[in-house]
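Structure first, commentary second.
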Amino acid sequence: MGKSRKEADKKGLTQASVIPFRSGRDGLQFCLITARKSGRWGFPKGSIPRALTPVQAALMEAHEEAGLVGSVVGEPLGGYRYRKRGRKEKESVVVMLMEVSSISLHWKESEQRQRLWTNAEGVQRRLEKGSLKQLFGRALDRLAGAPSVDEGSFLESPDEPNDGDEGPAGGDASH
């Protein structure tokens with residue numbers, strides 16, 4: 001996925017996302033952040049600027065939205081499509097696994113988002129979008145060394161709310 005934005009355009013990709021993880025004393029932990037408008041839990045994601053590859057864009061979003069630095073592990077897990085409020089065209093998001101090497105206490109969007117490190121069960125409890133839950137399952141399979149049958153495929157999200165449709169999500173947050 002180190003291809004240029006030109007290659008991303010050919011594939012119809014408009015956004016890039018990462019599922020950040022780290023190894024801790026209690027096993028693997030994953031980082032969730034809240035959406036600015038809805039407050040729902042999810043993973044860092046954002047538009048792919050023309051000058052960046054999808055990998056570079058995803059790592060930039062992880063830094064800006066969650067204060068995380070790290071590297072993408074392997075090929076993309078897959079992706080999903082959704083429609084942003086007020087837009088006709090669907091966004092196509094490619095999702096990658098990111099191993100976190102550094103965590104900032106203060107970051108660009110720290111006043112706008114909550115950040116939470118939790119185990120796999122905590123992630124599954126907090127994610128609302130079915131497509132994100134499926135992609136997270138693929139991430140768990142990859143981390144466990146098990147092949148995922150659908151890895152790399154895109155999931156449609158026709159009836160799922162987009163970022164900004166619902167009120168704030170609850171949950172404990174820790175930085």
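The table below gives the values:
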item	result
Complete set of residues in the stretch 26-69 that are hydrophobic (A, V, I, L, M, F, W, C), in contact with a Phe, Trp or Tyr (Cβ under 6 Å, 6 or more places away or on another chain) and under 13 Å from ARG113 (Cα atoms)	CYS31, LEU32
Selection count, the stretch 25-70, where residues are part of a strand (DSSP E or B) and over 20 Å from GLU91 (Cβ atoms)	8
Selected residue [modelled with pLDDT of 95 or more and of a type outside the set (Val, Ile, Thr)] from LYS129, LYS133	LYS133
Number of positions in the stretch 72-90 that are surrounded by fewer than 17 Cβ atoms within 10 Å (Cβ to Cβ) and out of contact with any helix residue (DSSP H, G or I) (no Cβ under 7 Å at 6 or more places or on another chain)	9
Residues of the stretch 71-126 that turn out to be part of a strand (DSSP E or B) and under 22 Å from ARG36 (Cβ atoms), as a count	19
Members of the stretch 73-122 found to be at pLDDT 90 or above and of a type in the set (Asp, Glu), listed by number	GLU75, GLU99, GLU109, GLU111, GLU121
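For (1) over 17 Å from GLY42 (Cα atoms); (2) out of contact with any Cys (no Cβ under 9 Å at 6 or more places or on another chain); (3) surrounded by 10 or more Cβ atoms within 10 Å (Cβ to Cβ), each residue gets a yes or a no:
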site: SER92; (1), (2), (3): no, yes, yes
site: VAL100; (1), (2), (3): no, no, yes
site: TRP107; (1), (2), (3): yes, yes, yes
site: SER110; (1), (2), (3): no, yes, yes
site: LEU116; (1), (2), (3): no, no, yes
site: GLU121; (1), (2), (3): no, yes, no
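The values are calculated or read from the model by the stated rules, or taken from the named source; none is laboratory data. Since we're looking at a predicted model, the values are computed, not measured. All Cβ positions, glycine included, derive from the backbone under ideal geometry; neighbour counts span all protein chains shown.
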